[in-house]
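The values are calculated or read from the model by the stated rules, or taken from the named source; none is laboratory data. Nothing here was measured: the structure is a model prediction, and the numbers come from that model. Cβ: placed from backbone, ideal geometry, glycine included. Neighbour counts: every protein chain shown.
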Amino acid sequence: MTARPFLDGITVLDLSSVGPASRASRWLADWGATVIKVGPVPRDADVQINPPIYAYSAHRGMSRVLLDLKSDGGRDAFLRLSANADVVIESFRPGAINRLGIGYEALRGVNPGIVLCSTTGFGQTGPRSNWAGHDLNYLAVSGYLHCSSRTTSGGPALPGATVADSAGGGLHAVAAICAALTARATTGKGTHLDVSIADGVLSLMSLAVDEYLADGTEPRPGHGLLTGRYAWYDLYEAADSRWLAVGAIEPRFFANLCRNLDCEHWLDHQYDDDSVDGMRAEFAATFASRDRNHWVELLGPSDTCVTPVLDIPELLTDEQYLARGAFVEVNHPTAGTISQVAAPLAGQVNATTLPIRDTGRPDTDEILAAAGLKPDELDFLRAEGAIA
């Protein structure tokens, strides 16, 4: 029996092209929501943002409508859609949707239960609310980069993933939307969510920030057990120039690590700061004596919290991910069969059931007709350029 998608029956209108809002709608679609991407009517002089096919899973399972929201007809058509929607996601600068006439007051005028999720870099209020920014900027102002390992130049290292856009923004938005929908089930009322990416990353940094607030200890690279203070929570290079991650925090895991590395003499010195340099040097020399996979096979199953540092090609054939069905093949209208990361919700939704829409062929007429617009209305709106 196939499990029912968790958000089955929820309709989302997504006004974004890229960024955290698009990440949020991607997850909502994977979790079963009906997501309609709302894009602008193409103009000869305009630059249309078309993400590459590998971004946002190529909008699999979504449909698309093209509206000129600056026109009366396009705005009214969007409000007609909103009357039957559950969620609207947008990522314009603060105040932009109000100027377009589709702000929260206008939306709840046609749908009191609507949930409007506004995603911005710094939020709808505050002195930075209109600043432009990207993932790196939000990681910078939240303390994330300051607490990260340093490069050879002494500066923070560039992160290997868009942590701010994904976790600080996209997942922050998804959690807020799901909470708002849960509240609406009781009250019948919607709400306007102000999702700030910088706020979201700050919440990810709460362990470090709260430590400083509690006792005045200033977090920095290498100051604590999670940022490299101790040898048993670090990265080590093996003989074949590949790397291992060691996270043996608990005493029993540390003990297992020492015994398997023939380093039992460190057993009583796990938190001894005077032993850190010697322990790290010995661990490094030991790991460097054999290839990475030797250590993975020895230590992985032995309760030592040791794993390989996988590159992207390696993780695609990793036995754990394959066993979990982490990748799927889907049919793209122009690229043919392509592989993607599957939907990440505990196996409840299978991405192979979600077709990729041809982004060159919008579903405008079908979507607006379902919202109640008649054929002659559609012809009129298309003639005046309000839809495409």
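Figures for the structure shown
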read-out	value
Counted residues, the stretch 248-272 - those being buried (at least 17 other Cβ atoms within 10 Å of the Cβ) and under 33 Å from the mean Cα position of the chain (by Cα)	3
Matching option when the condition is surrounded by 12 or more Cβ atoms within 10 Å (Cβ to Cβ), over 20 Å from Thr125 (Cβ atoms) and within 24 Å of the chain's Cα centre (by Cα), among Leu181, Leu207	Leu181
Hits in the stretch 147-170 - residues which are assigned to a helix (DSSP H, G or I) and touching a Pro at 6+ places or on another chain (Cβ under 9 Å)	Ala164, Asp165, Ser166, Gly168, Gly169, Gly170
Filter result (surrounded by fewer than 23 Cβ atoms within 10 Å (Cβ to Cβ) and in a helix (DSSP H, G or I)) within the stretch 120-146	Asp135, Leu136, Asn137, Ala140, Val141
Pair list, Cβ < 8 Å and 6+ apart or interchain, from the stretch 358-386 residues that are under 17 Å from Ser63 (Cα atoms) and of a type in the set (Ser, Thr, Tyr) to residues that are modelled with pLDDT under 95 and assigned to a loop (DSSP other than H, G, I, E, B)	Thr359/Asn50; Thr364/Ala388
First in the stretch 288-305 and touching a residue at least 12 places away in the same chain (Cβ under 8 Å), second anywhere and assigned to a helix (DSSP H, G or I) and of a type in the set (Phe, Trp, Tyr), Cβ under 6 Å, 6 or more apart	Asp303/Phe253; Thr304/Phe253; Cys305/Phe253
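Listed here are the residues, each with its yes/no results for (1) out of contact with any strand residue (DSSP E or B) (no Cβ under 7 Å at 6 or more places or on another chain); (2) in a helix (DSSP H, G or I); (3) without any contact (Cβ under 8 Å) to a residue 12 or more places away in the chain.
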position: Asp210; (1), (2), (3): yes, yes, yes
position: Glu218; (1), (2), (3): yes, no, yes
position: Pro221; (1), (2), (3): no, no, no
position: Leu225; (1), (2), (3): no, no, no
position: Leu235; (1), (2), (3): no, no, no
position: Leu244; (1), (2), (3): no, no, no
position: Asp262; (1), (2), (3): yes, no, no
position: Asp268; (1), (2), (3): yes, yes, yes
position: Met279; (1), (2), (3): yes, yes, no
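Table: residues versus (1) surrounded by fewer than 17 Cβ atoms within 10 Å (Cβ to Cβ); (2) at pLDDT 95 or above; (3) part of a helix (DSSP H, G or I); (4) more than 33 Å from the chain's Cα centre (by Cα).
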{"position": "Phe283", "(1), (2), (3), (4)": "no, yes, yes, yes"}
{"position": "Arg290", "(1), (2), (3), (4)": "yes, yes, no, yes"}
{"position": "Thr304", "(1), (2), (3), (4)": "no, yes, no, no"}
{"position": "Leu322", "(1), (2), (3), (4)": "yes, no, yes, no"}
{"position": "Thr337", "(1), (2), (3), (4)": "yes, no, no, no"}
